[in-house]
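Step one of this worksheet: look at the structure below.
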Amino acid sequence: MLKRASKLLGICAFCFGAAFSMSAFGAGGCQSCWDNCQVQFDQCMDSGSPAYVCQTNWRHCGLSCGCDIP
């Protein structure tokens with residue numbers, strides 16, 4: 001019984017740690033994803049593509065980040 005409780009506590013601790021790490025990564029991950037989208041947008045505009053094409057690509061890129069749109 002003690003071995004089973006110990007295993008259960010270990011699993012709970014792992015899950016808590018994983019969730020905590022993912023939430024910390026999520027905040028920074030969203031920002032870096034959006035920064036990458038902005039770089040792609042700037043490159044698109046610099047290449048002479050029409051603005052509507054660059055804006056559409058930027059929006060699709062942002063949606064693929066899975067984060068709130070700033």
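Compared with the alpha-carbon gap, the fully stretched path from residue 51 to residue 33 is longer by 4.4 nm at 0.36 nm per residue.
Quick one: grab the alpha carbon gyration tensor of region 25-67, order the square roots of its eigenvalues as a ≥ b ≥ c, and give me rounded if a/c is under 1.5, else prolate or oblate depending on whether a/b is larger than b/c. Write down the numbers at each step before the final one.
Details: a/c = 5.08, a/b = 2.12, b/c = 2.40.
Oblate is the answer for region 25-67, as a/c is 1.5 or above yet b/c matches or exceeds a/b.
Read-outs: derived from the displayed coordinates by stated rules, not from any lab. Treat the numbers as computed from the prediction; the structure is a model and nothing was measured.
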